[in-house]
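What follows is a single structure, written as structure tokens, with notes after it.
The values are calculated or read from the model by the stated rules, or taken from the named source; none is laboratory data. Remember, it's a predicted structure, so these values are computed and weren't measured experimentally. Cβ atoms come from the backbone with ideal geometry, glycine included; neighbour counts cover every protein chain shown. Side chains included, ligands, DNA and RNA excluded: accessible areas come from the protein's heavy atoms. Shrake-Rupley method; radii C 1.70, N 1.55, O 1.52, S 1.80 Å.
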Amino acid sequence: MSPQDWSPNTWKSKPVAQDVQYENQEQLEKVLNKLGTLPPLVTPSEIERLRYQLGLVQRNEAFLLHAGDCAESFDACTHENLSTKIGLILSFSLILIWGARLPIVRIGRIAGQYAKPRSSKTEKIGDKEVLSFRGDNVNGLDVNDRTPDPERLLRAYFHSTTTLNYIRGLLTSGFASLHHPRDWSLNHVRSPVLRREFENIVDSLSDALDFSRTIGAEAGSGASYERGGMRGTLGEVDFYTSHEGLSLPYEEALTRNFPIPFGSRGQNLKPAEKKETAFYNTSAHFLWIGDRTRQLTGAHVEYFRGIRNPIGIKVGPSMEGDELVKLLDIVNPNKESGRVTLITRYGASKIEDHLPTHITAVKQSNHPVIWVCDPMHGNTLTSSTGLKTRHFSTIISELTSCIRIHSSNGSRLGGVSLEFTGELNEEGFSVTECLGGSMELSEEELGLRYQSFCDPRLNFEQSLDVAFLVSNHFKKERRAQSNLKEGETMGVIDSSSDALYSELGGKK
């Protein structure tokens with residue numbers, strides 16, 4: 001149930017960070033009124049299902065994969081791009097399942113991630129100063145299309161709807177079952193040691209899937225979906241959408257007061273309690289507050305405290321421990337399970353200085369949270385060629401440090417948040433935006449297929465590198481746990497001695 005002193009528009013009484021100034025207020029109101037009458041993109045039952053599954057992650061009974069583009073574009077809303085993105089998320093999660101032996105909760109940065117925060121309202125392009133590009137739901141990337149246009153909010157809604165409809169169609173028609181490990185090409189892997197490690201993992205994973213089919217785990221699904229066959233456990237998955245809740249007028253327009261689904265509130269309810277309602281943001285299953293909009297007295301925190309959706313909070317080096325606890329007190333005063341996910345993004349060189357403090361502060365507050373590592377945003381740099389990029393070695397350095405620090409502090413990493421893409425160019429090659437990885441991408445090769453208009457993303461091959469690394473860590477952790485004698489406690493698994501870690505450029 002939402003707080004009694006809250007409504008979807010109480011955020012308007014607070015200072016708004018990253019606010020967009022529209023010249024035509026009348027047109028803006030017309031668009032927002034229209035959005036308020038359009039159908040929800042997601043349902044309360046789906047949102048409640050995600051809350052429950054995130055509760056499993058919080059209790060270390062599942063693992064969270066949060067992945068997709070830094071920012072979506074209207075032009076990239078094509079069946080090729082969506083299919084490859086969903087396929088990559090499915091492949092990544094299958095590798096994680098093999099190593100962790102845990103269910104994977106999949107949340108895509110998709111079907112709504114059209115806005116982007118900026119550090120400055122204007123930018124200089126050549127000798128011309130123009131308004132900063134704020135994402136396709138605000139203005140255009142072209143320098144002559146920088147005036148914020150309310151109609152873009154409607155376009156964002158319909159592009160999100162189209163995207164979500166196509167994803168639902170893919171996942172209910174057997175698409176998930178098409179991604180067999182033996183189809184993954186390892187031709188890009190240049191290191192013989194790394195190729196051998198990858199091949200061992202793929203062979204083991206393929207054997208496990210073959211075994212499950214042989215013993216009848218997929219009984220009844222022998223026929224194809226198109227020929228009336230069942231989807232089966234390997235062919236049907238849950239998939240949830242997310243975006244940064246940046247444009248509060250848009251989020252308010254899609255916030256609806258619905259009855260809380262009866263099944264999500266337990267079985268021992270009196271008849272009078274069956275009509276309990278709450279405000280759901282129906283633009284996505286999961287939304288997060290960015291590092292630039294998490295002010296305790298700001299409009300975004302005010303809005304987020306009232307919606308029933310599970311939410312994420314980006315936590316960076318500028319966040320103090322007591323500030324983090326105060327923020328949790330505001331958005332989750334009743335300390336509900338599955339409500340808050342903390343997405344840490346420090347940078348490989350700063351994580352040691354900040355994560356232990358944050359873990360200690362949260363533990364002392366008794367707030368239930370899910371800890372997720374975002375090893376992307378704190379590790380961005382500018383290459384010698386002038387392109388914004390990230391180096392794979394610093395990405396995996398922050399990720400493995402995060403795993404180790406949680407273990408050393410009596411905590412546990414519950415998920416990863418990555419910016420990646422399965423996009424291919426017309427010749428069938430992956431994008432070239434991040435350096436390193438098993439393909440050993442160099443600075444000279446960045447310009448070959450650099451397609452991002454926002455932040456650099458891991459490509460298909462680099463993404464699977466991360467998946468194999470994390471999966472291998474969990475496999476070693478499981479084996480170490482199973483070998484413990486009664487009364488023993490498991491020590492920290494050191495990833496820096498791992499062959500995959502060193503071959504992928506990890507720093508000891």
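Miscellaneous remarks
- Gain on full extension, evaluated as 0.36 nm per residue between residue 387 and residue 196 minus their Cα-Cα distance, stands at 65.5 nm.
- Size-normalised alpha-carbon gyration radius of segment 288-327, reference 2.2 N^0.38 Å: 1.09
- Spin-label model, residue 45/residue 350: points 7 Å from Cα along the beta carbon direction are separated by 4.4 nm.
- Translational diffusion of segment 273-357, estimated by Stokes-Einstein from the Kirkwood radius over alpha carbon pairs at 25 °C in a medium of 0.890 mPa s, is 177 µm² per second.
- With the convex hull of the Cα atoms taken as the outline of segment 417-460, the averaged projected area works out to 3.2 nm².
- Note on residue 257 and residue 14: the extension gain reaches 85.3 nm, defined as 0.36 nm multiplied by sequence separation minus the Cα-Cα distance.
- Of the cross-linked pairs 14/116; 30/275; 121/326; 85/116; 14/350, those separated by over 27 Å at the C-alpha level are 30/275; 121/326; 14/350.
- Rolling a 1.4 Å probe over the protein heavy atoms gives segment 1-68 an accessible area of 54 Å² per residue.
- Whether segment 2-92 is rounded, prolate or oblate, judged on the alpha carbon gyration tensor where a/c under 1.5 counts as rounded: oblate
- Rounded accessible area of residue 147 (nearest 10 Å², 1.4 Å probe): 70 Å²
- Neighbourhood net charge (13 Å Cβ-Cβ; Lys/Arg +1, Asp/Glu -1) for residue 316: -1
- Distant-in-sequence amide contacts of residue 315, defined by a placed amide H-H separation under 5 Å and a gap of 5 or more residues or a different chain, comprise 343, 344, 345.
- Inverse mean reciprocal Cα-Cα distance (Kirkwood Rh) of segment 17-176, Å: 18.1 Å
- Sum of side-chain charges, residue 133 neighbourhood, beta-carbon under 14 Å (Lys, Arg +1; Asp, Glu -1): 0
- When each of the peptides 379-391, 313-325 is scored by how many other beta carbons lie within 10 Å of its residues on average, the order from highest to lowest is 313-325, 379-391.
- Among 203-209, 121-127, sorting by the average number of other beta carbon atoms lying within 10 angstrom of each residue, highest first, gives 203-209, 121-127.
- Relative frequency of Cα-Cα separations exceeding 17 Å in segment 308-389, percent: 48 percent
- Sites residue 483 and residue 408 - FRET efficiency at Förster radius 30 Å, r taken between beta-carbons, to 0.05: 0.90
- Whether segment 31-77 is rounded, prolate or oblate, judged on the alpha carbon gyration tensor where a/c under 1.5 counts as rounded: oblate
- Distance between the pseudo-spin-label points of residue 30 and residue 102 (7 Å out from Cα toward the beta carbon): 5.1 nm.
- Ratio Rg/Rh [Cα only; Rh per Kirkwood] for segment 387-463: 1.06
- Just the protein heavy atoms count here, and of the accessible area of segment 97-182 at 1.4 Å, carbon and sulfur take up 53 percent.
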